[in-house]
1. Would you mind computing, in nm to one decimal, how far apart the modelled labels at D95 and V59 are, each placed 7 Å from Cα along Cα→Cβ?
2. Between T108 and S39, 0.36 nm times their residue separation minus their Cα-Cα distance comes to what?
3. Any chance you could run the full-extension gain for H48 through R7? It's 0.36 nm times the residue separation minus the Cα-Cα distance, nm to one decimal.
4. Tally up the carbon and sulfur contribution to the accessible surface of the chain as a whole percent, 1.4 Å probe, everything protein left in place.
5. For the chain, modelled as a Gaussian network with Cα springs under 10 Å, which listed residue fluctuates most, V37, V63, V45?
6. Quick one: which residues, 5+ away or cross-chain, put their amide H under 5 Å from the amide H of S12? H built at 1.01 Å from N.
7. Report the relative contact order of the chain, percent, no decimals, based on alpha-carbon pairs under 8 angstrom and at least 6 residues apart.
8. With θ set to phi - 60°, apply the Karplus curve 6.51 cos²θ - 1.76 cosθ + 1.60 along segment 63-76 and write out the HN-Hα couplings as whole Hz, x wherever there is a Gly or Pro.
Amino acid sequence: MNAEDQRSDPDSLLAFVGQLARRYRECPEVGMGDFEVLSHDAPSVLAHRCTWSQFGGGVASSVLVHNLGPDATEITVELPDVEEGTRVIDLFADDECEVEKGGRLTVTVPGYGHHWLRLLLPGDRRLH
């Protein structure tokens, strides 16, 4: 497939890479924040959190989940410093959920799929 055909196809690899680059630029915590691998029970899934202290005292934090296996998998990670009810926005879909009691976040990720989840913490001034 050539680039001209991919430009007009919203499901093309070119469109996905463009969207990935835009999300990366919108999430400075991914490139400049502290990196923390999150524990869970699924060996095929990499889940990590990037947190960055913004200028002016705010905090930006995102959880990135990547399934490196062919089967859909549900994982639960613990975010002990995040309050129950904190909104979580999926940056690649129109989905939203909340952090559960005890800072637990449960996510189902499709085979070879991913989620970039923005935590809307107090003081976070990013658009969502």
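The values are calculated or read from the model by the stated rules, or taken from the named source; none is laboratory data. In this text the structure is predicted, and so the values were computed from the model without any measurement. For neighbour counting, all protein chains shown are included, and Cβ atoms are generated from backbone atoms with ideal geometry for every residue, glycine included. The accessibility values were calculated without ligands, DNA or RNA, using every heavy atom of the protein model including side chains. Shrake-Rupley method; radii C 1.70, N 1.55, O 1.52, S 1.80 Å.
1. 2.5
2. Between T108 and S39, full extension yields an extra 23.3 nm.
3. Gain in length upon complete extension: 11.6 nm.
4. 52
5. In this elastic network of the chain, the residue with the biggest mean-square fluctuation among V37, V63, V45 is V37.
6. Close amide H contacts, sequence-distant or interchain: none at all.
7. 22 percent.
8. Ordered by residue, 3J(HN,Hα) equals 10, 10, 10, 10, 8, 8, x, x, 9, 4, 9, 9, 10, 10 Hz.
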